[in-house]
Structure formats: structure tokens, C-alpha cells
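Input: a single structure, listed below in C-alpha cells.
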Amino acid sequence: MNRMASLGVSGVFAVGLALSIASSALSQHSVAREWNDTMLESIKRDRVRPPVQARNLFHMSVAMYDAWAAYDASMQPYFFTEKIAAKDIDAARHESISYAAYRLMKHRFALSPNVTAIGAILDAQLTALGYSAAVTTTVGNTPAAVGNRIAALVIARGLQDNSHEEVDHASYPGTYPDANPPLVVAMPFNPTCVNPNRYQPLSLTFFVDQNGNVIPGGFPPKVAPFWGFVTPFGLEASDMDPARPGVYLNAPAPPQLNGAGDAAWRSSHENVIHVSSMLTPDDGAMMDISPAAMGNNPLGTNAGAGRPLNPVTGQPYAPNLVKRGDFVRCLAEFWADGPNSTTPPGHWNEIANHVVDHPAFVRRMGGTGPELSALEWDIKMYVALNGAMHDAAITAWGIKGHYDTMRPIGAIRYMAQKGQCSNPLLPRFHADGLHIAPGMVEQITEATTAPGQRHEELAGYEGEIAVLSWPGAPANPVSQHSGVTWMLAGNWVSYQRPTFVTPPFPGYVSGHSTYSRAGAEVMARLTGTEYFPGGMAVYTCTQSQFLVFEDGPSQTFDFQWATYYDAADNSGQSRIYGGIHPDIDDFPGRVLGSQVAAKAHTKALALFEPLPPCTADLDGDGAVAATDLAILLSSWGAFNSAADITGDGAVDAQDIAALLSAWGPC
């Protein structure tokens, strides 16, 4: 089921995206929006590689921007510097944008395991817009040729951006080796771990990514640990730490077991166990998840206590009491996106699109100034948003590649294997063991395994550590839920499908946290407010229909977010409930995402500034060339002529000098 179905803002705003190419649907949105929707549908069918998809979204955004800007001599280009004349500029833009987006996507998804299905989506979209895939020329200034030429340029630039596109974004042989042998998930503990501070791949019977693609070999290699060296959008060379290649924005080093930040490393991983004990609707725990009680966090914390009033309506936010176990399970799955994941960068495109669809939304950059057309708003929004998503990927994955840290499943099982670290007088004491926490983390004894006692099912493991946690997916996820139970800590698993378990790349920092704060920050800056339209976004989680990992929720309820920041913070939190990250991965990611967004927004606004007047472009084609020289010479000696570039009243040698000094594209 689509995890994005039914997000609403004040009850009217749907985020579920199902691509429709019916003419009635096409007429509702700009051509840029239609191709963005098409990209998102294509991503759902491709492999789940978040940084790769962030790059795809960014490059399509700048391709569409260049196709739009090519027909306005005053607009700065990103890659494509030509300026094109057209009798019907709106129609020419529509066609050029379509061919640029179509050609780029056909290239980018050529190696997808679902290339046939994606190709059919792309072909259907182009046909629905009235264009033919048979038009492949890049020669001349027809709108199709211009679009094809822009796509070819973006493709060529992409082959030079250090993303390893020539080897399908794989690491080069011999680089970024794994420090630990694989963790065999089906066996208890973590006996193969060499260094608990370093990333550890998994050994599964088979691995299925969030879009349902089976990856041969049981577990894929690390996804893009070199991504910190990819050419960014708003990040600058000076933002990279020369002592830590690939690491931007002075990111802090992660805490280390038995090193700097030892206490934070231990407590944050043990907190993952604690929240795993909440993954049940059967414990009677309730919580208020309304904006009145949740959110409004200072950046990089969960210290907020909500906000009393909706600033749009002026009314208090009403309480929203739900079962805690329903909330945390649905939160984990909502932001996991899958199945049919658009990945976190795509998720924020979906959110942005449906913010724009809200009836009260007005397309004013920064919330002020003139109202923009749907096309101009979408073009500029996608550049700013996806420029930030691209830079968020570079920032997060640069840190992941540099520090190469462990995921919770490996860390928790490693500590469980060591024993307990609370009392040296008790059995199985080890300094690297788990802290005893009654009711959550306990030592198994003969008394606790006696018939009818809480550890009865763990008889034979006396002396080992038990945790109260989610035990894994039930036999029938459609109609059953697992709840939580006392289990051997060495068998702890994340709240994920058994064919996935954890992402195939290092943990620190959280990509979700970085992407989501960047997305939230850009939306707040572009719209001029941190609040969703109407002052609240609503997402309905329907009883027994929303969850995929198991049946649930047990009751229908609504997520509610007052601001983009509240939603972004929930995204980071969701990965802790899902057992994917500890909070030491989450909080720094939020801070970095905010910094990334500020730089991307600044870069985008500078790009959107008009070019200075190009007075030597006498024919208005966006370039100073031979035709302009001919016009000047034909006006030689004239007074008060348009060819008087210097404005001194006569067309003379000074004007020739000014024209030659401006030779080339404006």
C-alpha cells in the first residue's frame, strides 16, 4: 500500500501520489509538476538508493529549469546557456521541458531492474502530452531539439560529477572495505563482530529492498560511501573539512564505544531497546499526539512541548489521544515510505506538491511579492528543494562513508553477547554489556524461567540477558501483530520486514533526519512560513489497513503536524522506533539538514535573479554574435539608434568595442 496516501492539510490535502495521465488530471498541474510526478512513480519501481534518487530529482529539476529559462533572455542558466526565440513561448517551454525530462529519465533508469515498466510510464506520459518519442534530434531550435539538447548536456555533466554513474554508482574495487564480517541475523548474538564502532553487513537468505526488488547474494554492498565527493548544488569547496575528505559543514564525529562519547553510544543504543518495548497496541499506554502536546522542538532535540494555538485559525489545537503502540508502529512505517518507496527525497517532493495543491496556497516566493504562475513556481520550487535534497545526500553520505558506523542490530547483539554491565557481582558481567533495566532489560535466572514466570520461554538461557521487545514479524502479517515479548537480547531485531532488517549502508548520520530537516527548512523559506497551509497537516492511518510489517493499527487515528519542522522531526524519530538508528544519528542529521537547506536556498535565490541587461544583444536572442555586429554596422553613424550600445548618442567605434567585449552568451 502507498504509505503516502491520504496526507491532508486541515482535512483537505492528499499526499498519496498515483500517476494519472488522463487529460483531466494533466490540466490541473503544470508540465513541470507532471514530470515530477512521473519521476516519483519511476523511483517507486527502481532500486532504493536514496542519494542516487536525490541526484536524479535534482538533475531533472535543473533540466526543466534550463528548458524554462532558455526562452527568457533575462534568466540565468544553470547548465544550458543558449537563449531561444519562439513565437509561442508557453508552448515551446511545455515541449522543451517535456523532452528534457523524458530523455534524462530514460537515460537514468536504463539499468533499473524494472526498466520495462518505467519505460512504459515515461512513454505514456510523453504521448499523453502530445509528443513523440521518435523525435530524437538535438539539432536546431525547435522546442523538441532544445529539450533533447538540454538532456544531453545534463547527462554529460552527470558523467563528470564523481557519482560513479559509469559503473552504476558502485564503489570502485578495493575501496571502502567492510571492517566486520556479516552478521548472521538468523543466529543469536554477534560472534563475527570485530569492531562494534564500524559498519557490519548482514547475512540474509535473501534481501528485498523497500520497492520489492530482490538483491542477489543475500545483502547488497554499501550504497554510495563515496557520495561526499559528488558535485553539490549549494555546498562550496570551503565547506568540506580538509582533514576529513568528504565531510562537510564541520559535522561532529560520532560517539564511540570505549572512546569519545562512550556513555552517549551506550545509552542511545539501549534507548532503541526501550522504544522497541513500545511496539504493541496491547499495553494500555495512550499518548496525545496533537500539535498542542508534541512538536515545536528546538533544532536538534526532542525537547518541545507543542504549541497552544493554530496561528491560522486562532483556535487551540484539540487533543488527539491515541494508543502509543499504534502511533509508534505507524510512524516507523509512514516515514520508511515502503513498499513503493519514493525514498526520503521523493517523500519531500510529494509533501511539497500537495502543499501547493492546498486551496489556500498562494504562489509567492518567500510568501511575499508577486504571485507566480504554476509553472514558474514549480520550476523554482523543484530547483531549491531538490538542490537541498541532493546536498543533504552528499552531506549525510559523506559522513557515512568517512565514519562507517554500526547499525543498532549489530550494536545491541554485540552488547547482549558480552552480558550485563550493571553489577560485577552478578553473572555474565562485562564492561561492554547491557545495563540492567527492570521491566525492559533483565538477566535470565532460574526463578524467572520457572513455569508461569516472565522468562519461562527462555529456559536454558539462564545468565543471559532478556529484553522486552518486538520479536519480529508474525506468521501472517495481514491479520496478525506480534506485540512485544520477553526474548533473548542476542536475537533482537529491528521493526522491519525480515527480508530487509536494516539499510545496506552505515548509520551515522541519519539520512532521514538530514533530508527531512532540509526539506522542511526549504519549504518554510519558500513559502514564508513554517506552518502547513491551514496550520496543520493531517494523515489518516486506517485501522488494519495501514501497516505492512504486521496488522494495524488497531484503531484508526490521525497524525497531525503543525509545521514542516514537526513533520521532519517525526521522520528522524521514526527511524529510532524502527530500530534503524539511535538518536546519536538523528539529532546531528537534523542540524546538518538545516545548514544544507540554508545554503541551497541562498544558491537558488541567486540563480533566480535576472541577468543584468545585455545591451549588446541587439537582436534579443540571448547572445552577442555576428547578427548583432551586422545590425550595428548597418546603423553606423546613426544618432539615437538602438545600436548605440554606449548611450553616447552615436553608433561608432566605442560601440563596436563594447559589442566585441560582450561577445558570446549573455
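Return the pairs, sorted by first residue and then second, in which the second residue is of a type in the set (Asp, Glu) and not in a helix (DSSP H, G or I), the first residue lies in the stretch 550-575 and is open to solvent by 10 Å² or more (accessible area, probe 1.4 Å), the beta carbons are less than 7 Å apart, and the residues are 6+ apart or on different chains.
Here the result reads TYR565/GLU530, each pair linking the stretch 550-575 to a residue that is of a type in the set (Asp, Glu) and not in a helix (DSSP H, G or I).
Before we move on, is ILE584 of a type outside the set (D, E, K, R), in a loop (DSSP other than H, G, I, E, B), closer than 24 Å to THR395 by Cβ and touching a residue at least 24 places away in the same chain (Cβ under 8 Å)? Break it down into steps so the answer makes sense when it comes.
Values: of a type outside the set (D, E, K, R): yes; in a loop (DSSP other than H, G, I, E, B): no; closer than 24 Å to THR395 by Cβ: yes; touching a residue at least 24 places away in the same chain (Cβ under 8 Å): yes.
Against the criterion (of a type outside the set (D, E, K, R), in a loop (DSSP other than H, G, I, E, B), closer than 24 Å to THR395 by Cβ and touching a residue at least 24 places away in the same chain (Cβ under 8 Å)), ILE584 does not qualify.
Here is a list: ASN297, ASN310. Which entry is out of contact with any His (no Cβ under 8 Å at 6 or more places or on another chain) and either at pLDDT below 95 or under 24 Å from SER510 (Cβ atoms) (or both)? Reasoning before the result, please.
Values: ASN310 fails: either at pLDDT below 95 or under 24 Å from SER510 (Cβ atoms) (or both).
When all the criteria are applied, what remains is ASN297.
Here is a yes/no grid of residues against (1) at negative phi; (2) open to solvent by 10 Å² or more (accessible area, probe 1.4 Å); (3) modelled with pLDDT of 95 or more; (4) more than 29 Å from the chain's Cα centre (by Cα):
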position	(1), (2), (3), (4)
TRP68	yes, yes, yes, no
HIS94	yes, yes, yes, no
ALA117	yes, yes, yes, no
THR142	yes, yes, yes, yes
ALA145	yes, no, yes, yes
GLY158	yes, no, yes, no
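Mind listing just one residue for me: the one in the stretch 409-425 that is part of a helix (DSSP H, G or I) and of a type outside the set (A, V, I, L, M) and, of those, surrounded by the fewest Cβ atoms within 10 Å (Cβ to Cβ)? Let's see the steps before the verdict.
First, pick out the residues of the stretch 409-425 that are part of a helix (DSSP H, G or I): 409-418.
So of that shortlist, the ones also of a type outside the set (A, V, I, L, M) come out as 410, 413-414, 417-418.
Numbers: GLY410: 26, ARG413: 25, TYR414: 26, GLN417: 21, LYS418: 18.
My answer is LYS418.
When the stretch 589-624 is examined, which residues are found to be more than 30 Å from GLY300 (Cβ to Cβ) and buried (at least 17 other Cβ atoms within 10 Å of the Cβ)?
Applying the first criterion (more than 30 Å from GLY300 (Cβ to Cβ)) to the stretch 589-624 yields 609-624.
Correct list: CYS614, THR615, ALA616, ASP617, LEU618, ASP621, GLY622, ALA623, VAL624.
Collect the residues in the stretch 504-519 that are touching a Lys or Arg at 6+ places or on another chain (Cβ under 9 Å) and crowded, with 21+ Cβ neighbours inside 10 Å, keeping them in residue-number order. Before you say what the answer is, go through the steps one by one.
To start, the set of residues in the stretch 504-519 that are touching a Lys or Arg at 6+ places or on another chain (Cβ under 9 Å) comprises 504-514, 516-517.
Correct list: PHE505, PRO506, GLY507, TYR508, VAL509, SER510, GLY511, HIS512, SER513, THR514, SER516, ARG517.
Does the stretch 231-247 contain at least one residue that is under 30 Å from SER42 (Cβ atoms), modelled with pLDDT of 95 or more, part of a loop (DSSP other than H, G, I, E, B) and β-branched (Val, Ile, Thr)? Give the steps one after another, and end with the answer.
First, the residues of the stretch 231-247 that are under 30 Å from SER42 (Cβ atoms): 231-235, 246.
Within this subset, residues satisfying the condition of being modelled with pLDDT of 95 or more are 231-235, 246.
Still in the list and also part of a loop (DSSP other than H, G, I, E, B): 231-235, 246.
Next, only the ones that are β-branched (Val, Ile, Thr) stay: 231.
So far as the stretch 231-247 goes, yes, one or more of its residues are under 30 Å from SER42 (Cβ atoms), modelled with pLDDT of 95 or more, part of a loop (DSSP other than H, G, I, E, B) and β-branched (Val, Ile, Thr).
Would you mind stating whether THR646 is in a loop (DSSP other than H, G, I, E, B) and either of a type outside the set (S, T, N, Q) or open to solvent by 40 Å² or more (accessible area, probe 1.4 Å) (or both)? Step through it out loud before you land on a result.
Numbers: in a loop (DSSP other than H, G, I, E, B): yes; either of a type outside the set (S, T, N, Q) or open to solvent by 40 Å² or more (accessible area, probe 1.4 Å) (or both): yes.
So THR646 fits the description; yes.
Suppose we keep only residues that are β-branched (Val, Ile, Thr) and open to solvent by 30 Å² or more (accessible area, probe 1.4 Å) within the stretch 464-492. Which one would you say is nearest to the chain's Cα centre (by Cα)? If you could, list the steps in order and put the result at the bottom.
Filtering the stretch 464-492 down to residues β-branched (Val, Ile, Thr) leaves 465, 467, 478, 484-485.
Those still in the list that are open to solvent by 30 Å² or more (accessible area, probe 1.4 Å) too: 478, 484-485.
Details: VAL478: 28, VAL484: 30, THR485: 33 Å.
In this case the residue turns out to be VAL478.
So which of ARG149, ARG108 is touching a helix residue (DSSP H, G or I) at 6+ places or on another chain (Cβ under 7 Å), surrounded by 16 or more Cβ atoms within 10 Å (Cβ to Cβ) and of a type outside the set (Ser, Thr, Tyr)? Give the steps one after another, and end with the answer.
Working: ARG149 fails: touching a helix residue (DSSP H, G or I) at 6+ places or on another chain (Cβ under 7 Å).
Sole residue among the options that is touching a helix residue (DSSP H, G or I) at 6+ places or on another chain (Cβ under 7 Å), surrounded by 16 or more Cβ atoms within 10 Å (Cβ to Cβ) and of a type outside the set (Ser, Thr, Tyr): ARG108.
Listed here are the residues, each with its yes/no results for (1) without any contact (Cβ under 8 Å) to a residue 24 or more places away in the chain; (2) exposed (fewer than 13 other Cβ atoms within 10 Å of the Cβ); (3) within 24 Å of the chain's Cα centre (by Cα).
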{"residue": "PRO245", "(1), (2), (3)": "no, yes, yes"}
{"residue": "GLN256", "(1), (2), (3)": "no, no, no"}
{"residue": "VAL272", "(1), (2), (3)": "no, no, yes"}
{"residue": "PRO291", "(1), (2), (3)": "no, no, yes"}
{"residue": "ASN296", "(1), (2), (3)": "no, no, yes"}
{"residue": "ASN310", "(1), (2), (3)": "no, no, no"}
{"residue": "GLN315", "(1), (2), (3)": "yes, yes, no"}
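I need the full set of residues from the stretch 220-237 which are of a type in the set (Phe, Trp, Tyr) and either out of contact with any His (no Cβ under 6 Å at 6 or more places or on another chain) or within 23 Å of PRO504 (Cα to Cα) (or both), in order please.
PHE226, TRP227, PHE229
The values are calculated or read from the model by the stated rules, or taken from the named source; none is laboratory data. Since we're looking at a predicted model, the values are computed, not measured. In this analysis, Cβ positions are derived from the backbone assuming ideal geometry, glycine residues included, and neighbour counts consider all displayed protein chains. The area values use the complete protein model at the heavy-atom level, side chains included, leaving out ligands, DNA and RNA. Shrake-Rupley method; radii C 1.70, N 1.55, O 1.52, S 1.80 Å.
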